[in-house]
1. Do any residues in the stretch 60-77 that are within 14 Å of Val117 (Cβ to Cβ) and within 12 Å of the ligand (Cβ to nearest atom) have Cβ atoms under 8 Å from those of residues that are open to solvent by 40 Å² or more (accessible area, probe 1.4 Å) and assigned to a loop (DSSP other than H, G, I, E, B), where the two are at least six apart or on different chains, and which pairs are they?
2. Pro370 is checked against (1) surrounded by fewer than 15 Cβ atoms within 10 Å (Cβ to Cβ); (2) without any contact (Cβ under 8 Å) to a residue 40 or more places away in the chain; (3) more than 30 Å from Ile239 (Cα to Cα) and fails just one. What number does that condition carry?
3. In the stretch 1-22, what residues are more than 12 Å from the ligand (Cβ to nearest atom) and acidic (Asp, Glu)?
4. Can you name the number of the only condition in (1) more than 23 Å from Val93 (Cβ to Cβ); (2) out of contact with any Asp or Glu (no Cβ under 7 Å at 6 or more places or on another chain) that Thr162 fails?
5. Go through the stretch 97-113 and give me each residue that's away from the ligand (no atom under 12 Å from the Cβ) and surrounded by fewer than 18 Cβ atoms within 10 Å (Cβ to Cβ).
6. Can you tell me how many residues within the stretch 121-167 are in contact with a Ser or Thr (Cβ under 7 Å, 6 or more places away or on another chain), open to solvent by 30 Å² or more (accessible area, probe 1.4 Å) and over 20 Å from Cys111 (Cα atoms)?
7. I need the full set of residues from the stretch 156-185 which are in a helix (DSSP H, G or I) and within 16 Å of the ligand (Cβ to nearest atom), in order please.
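The values are calculated or read from the model by the stated rules, or taken from the named source; none is laboratory data. Quick caveat, the model's predicted, so the values are computed rather than measured. In this analysis, Cβ positions are derived from the backbone assuming ideal geometry, glycine residues included, and neighbour counts consider all displayed protein chains. Remember, those area values only see protein heavy atoms, side chains included, never the ligands or the DNA or RNA. Shrake-Rupley method; radii C 1.70, N 1.55, O 1.52, S 1.80 Å.
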Amino acid sequence: LENGLARTPPMGWLAWERFRCNTDCKNDPDNCISDRLFRTMADIVVSEGYAAVGYEYINIDDCWLEKERDYRGQLVADRQRFPYGMKSLANYVHSKGLKFGIYEDFGNYTCAGYPGVLGYLENDAALFASWDVDYVKLDGCYAHPSEMDQGYPEFGFHLNQTGRPMIYSCSWPVYQIYAGMQPNFTSIINHCNLWRNFDDIQDSWSSLESIIDYYGNNQDSIVPNAGPGHWNDPDMLIIGNFGLSYEQSKTQMALWAILAAPLLMSVDLRTIRPEYKAILQNKKIIDVDQDPLGIQGRRIYKHKGIEIWARPITPVYQNYYSYAIAFLNRRTDGTPSDVSVTLKELGLQYPGGYRVEDLYEDVDYGVLTPQTKIKVKVNPSGVVILRCDLQVDDVYVSNQ
Ligand SMILES: OC[C@@H]1[C@H](O)[C@H](O)[C@@H](O)CN1C(=S)Nc1ccc(F)cc1
């Protein structure tokens with residue numbers, strides 16, 4: 001969607017995967033979906049260095065609402081859990097230098113059964129703008145997928161009509177795919193800033209593997225749709241929760257960067273362990289994810305449990321790209337796997353060579369020519385991610 005927003009994939013914090021629809025503030029006040037939870041997370045995003053590396057959006061998901069619209073038909077935030085209302089919460093998030101996201105559903109109900117926008121599209125879009133919302137996720141439960149080709153653009157139109165810039169996240173394609181329909185990605189690209197293509201992520205390695213496989217197996221139809229302002233959304237980062245090992249957490253961060261994915265953390269920032277926080281704050285990998293070219297990467301090799309993924313990035317020179325290369329070991333047979341390959345075999349052919357560095361470990365391979373063999377050891381369910389920057393005489397790069 002050309003609304004000047006999401007020129008790189010959005011970064012921030014989204015409550016859903018970690019906090020779900022916990023509305024029991026009486027017995028679980030620290031973890032329920034509440035005004036306090038989002039203010040606390042906004043505070044930590046700033047105080048613990050997440051904002052400094054690019055995390056910007058504090059996003060509410062399902063279950064923020066009263067079960068009924070008010071007498072005027074307005075959506076109302078749960079009066080106990082959001083006692084100051086959404087405009088006040090948005091104002092607080094803005095006061096921290098961050099942006100505020102909210103959730104609704106193009107249907108009669110949200111997935112958790114709260115009021116949906118159907119019948120109130122213009123009204124609800126105006127309400128969100130009046131709350132100074134910066135990002136809207138529109139889910140697709142309790143809706144007819146056949147009505148989405150008209151409904152999602154219509155809601156986006158009303159968002160635009162408010163005159164307030166808001167990132168528009170659409171669940172449109174995934175519900176049509178579930179219904180056996182072929183989404184119209186030309187329209188989706190025109191009307192949404194990002195969209196979900198596949199299942200909800202759950203807190204497990206198997207869930208993450210299924211998403212990685214989906215994006216690899218369907219890349220020919222998925223990759224071309226990504227670009228500045230319009231992104232594929234493989235769902236939230238689950239790094240720091242319960243289901244991923246340290247290696248698997250490094251895998252998600254690296255693969256999301258290759259996929260030019262939104263980096264929406266869904267984790268308790270109050271209790272995250274330092275080594276997981278370090279993965280989320282890895283600026284070298286974030287720079288790959290946020291590369292200005294906005295070209296989504298692809299799986300270029302898959303054999304006997306070893307996968308290689310490559311994403312074209314800046315700097316570019318003539319028709320040569322630089323690359324981020326991720327080596328992924330899907331095997332679990334104990335020992336790290338040796339992978340040995342030349343840059344040429346990976347498609348890196350610039351005769352002047354590339355400066356190669358490991359983005360997790362402090363390893364600098366120096367300048368390698370296309371004929372040079374690279375050898376990496378990849379841990380089981382882990383990854384090695386390298387950045388290969390064109391080694392071009394400076395005077396040319398500045399003139400490119
Ligand atoms: O309720 C909201 C929740 C999150 O927003 C996810 O990101 C959305 O993809 C939808 N969603 C959930 S749990 N959807 C859902 C997932 C499984 C199911 F059987 C019924 C609904």
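1. Listed pairs, sorted by first residue: Asp62/Cys21; Asp62/Cys111.
2. Among (1) surrounded by fewer than 15 Cβ atoms within 10 Å (Cβ to Cβ); (2) without any contact (Cβ under 8 Å) to a residue 40 or more places away in the chain; (3) more than 30 Å from Ile239 (Cα to Cα), Pro370 violates only (1).
3. Listed by number, the list holds a single entry, Glu2.
4. (1) is the only condition that Thr162 fails.
5. Within the stretch 97-113, Gly97, Asn108 qualify.
6. 1
7. Trp172, Pro173, Val174, Tyr175, Gln176, Ile177, Tyr178
For (1) within 21 Å of Lys283 (Cβ to Cβ); (2) open to solvent by 20 Å² or more (accessible area, probe 1.4 Å), each residue gets a yes or a no:
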position	(1), (2)
Arg331	no, yes
Gly334	no, yes
Val341	no, no
Pro351	no, yes
Asp364	yes, yes
Cys388	yes, no
